[in-house]
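The values are calculated or read from the model by the stated rules, or taken from the named source; none is laboratory data. Because the structure is predicted, anything quoted here is derived from the model rather than measured. These accessible areas exclude ligands, DNA and RNA; they are computed on the full protein's heavy atoms, side chains included. Shrake-Rupley method; radii C 1.70, N 1.55, O 1.52, S 1.80 Å.
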Amino acid sequence: MIVVTGATGNVGRPLVRALVAAGEQVTAVSRRIPTGQLPAGVRHHQADLTEPENLKPVLDGAEALFLLTSGDFVAAGGNLGEVLEVIRAGGVQRIVLLSSQGVGTGDHLSDLEDAVTQSGLEWTMLRPAGFHSNTLQWAEGVRGQRTVTAPFGDVALPTVDPADIAEAAAVVLRDAAHAGSVHELTGPVAVSPREQAAAIGDALGEPVRFVEQTRSEARAAMLRFMPEPVVERTLDMLGAPSAGLRRVSPDVELLLGRPPRTFAQWAARNLAAFR
């Protein structure tokens with residue numbers, strides 16, 4: 001049996017489907033009750049990682065666990081060491097952690113990965129680039145004015161489809177040979193915000209105008225929902241990314257046996273959000 005935390009999110013939902021399609025028994029864990037139907041046979045358990053004791057009922061018989069720590073977990077002062085202690089005591093053998101590309105480049109802190117590697121459990125790290133789905137924040141502007149507003153319009157990064165992350169996670173969760181491995185997950189090419197806006201327009205069959213924000217304008221908008229240090233670090237990474245953040249990784253294709261999906265493919269598949 002495989003436990004999937006964050007099971008109702010952009011990665012968790014397709015991961016649950018991929019595991020079920022592969023014949024696995026799955027327990028889906030999320031803070032909220034799913035709004036949509038889970039695949040037949042999937043057990044759901046409502047739990048918040050900030051209260052790790054609530055995980056205990058789902059761990060008996062679990063061989064592997066997909067671990068996703070949300071921004072809310074970090075903001076609430078969640079203790080990943082306590083979560084991992086509960087997981088280890090429950091008899092789980094392997095952890096797959098959804099980390100980030102920025103840990104490998106030194107742009108993000110490594111504290112979550114460090115906790116996992118020091119836990120005594122077998123582990124695999126997935127370090128994805130930014131998600132294609134981050135552009136859903138543009139959906140309201142595209143629906144209303146056919147306009148995208150964002151900073152650093154021509155800075156390209158190899159964003160990745162959450163469905164590819166999910167399929168890669170399903171592979172490593174099912175194969176203990178990936179224990180001790182770190183996989184960097186990116187899209188097939190670097191793509192800029194201006195190019196992403198154009199791809200959404202192509203999918204709609206209508207032009208989408210791109211309006212470039214200044215850094216100060218973007219900063220003011222982001223401060224409404226993010227702490228200042230996070231805003232500054234994010235803007236630094238988006239505006240002047242390191243060579244490591246720009247690098248296209250082969251790992252999705254190595255794991256899945258096919259190229260990663262492009263942003264244009266993601267936009268076409270998620271067109272309803274922008275109509």
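Just a few scattered comments:
- Residue-averaged 222 nm ellipticity for the chain, from DSSP H runs of 4+ at -39500 (n - 2.57), nearest 500: -10500 deg cm²/dmol
- Sorted from longest to shortest, the spans of the Cα atoms of the stretch 208-275 along the three principal axes equal 42, 34, 20 Å.
- Computed over the stretch 83-163, the range of Cα coordinates on each principal axis works out to 53, 26, 18 Å, biggest value leading.
- Accessible area, probe 1.4 Å, largest first, for residues Phe66, Phe225: Phe225, Phe66
- The chain: most fluctuating residue of Val74, Val172, Val83 per GNM, C-alpha cutoff 10 Å: Val74
- Shape parameters for the stretch 20-79, alpha-carbon atoms, Rg then Dmax in Å: 12.6, 36
- Residues of the chain: accessible area per residue with a 1.4 Å probe, Å²: 47 Å²
- The stretch 99-140 - convex hull of the alpha-carbon atoms, volume per residue in Å³: 89 Å³
- Carbon and sulfur %, accessible surface of the stretch 1-125 computed with the full protein complex present, 1.4 Å: 45 percent
- Radius ratio Rg over Rh of the stretch 35-130, counting only Cα atoms, Kirkwood formula for Rh: 0.97
- The base-10 log of I(q)/I(0) for the chain, evaluated at q = 0.10 Å⁻¹, reads -0.53 [Debye formula, identical scatterers on Cα atoms, solvent excluded].
- Percentage relative contact order, the stretch 1-147, counting C-alpha pairs under 8 Å, at least six apart: 19 percent
- Normalised alpha carbon radius of gyration of the stretch 104-234 [divisor 2.2 N^0.38 Å]: 1.26
- Relative contact order of the stretch 65-151: 29 percent, from C-alpha pairs under 8 Å at least 6 residues apart in sequence.
- Average Cα contact separation per residue, the chain, under 8 Å, 6 or more apart, as relative contact order %: 18 percent
- Rg/Rh, computed from the Cα trace of the stretch 163-267 with Rh as the Kirkwood radius, has the value 1.04.
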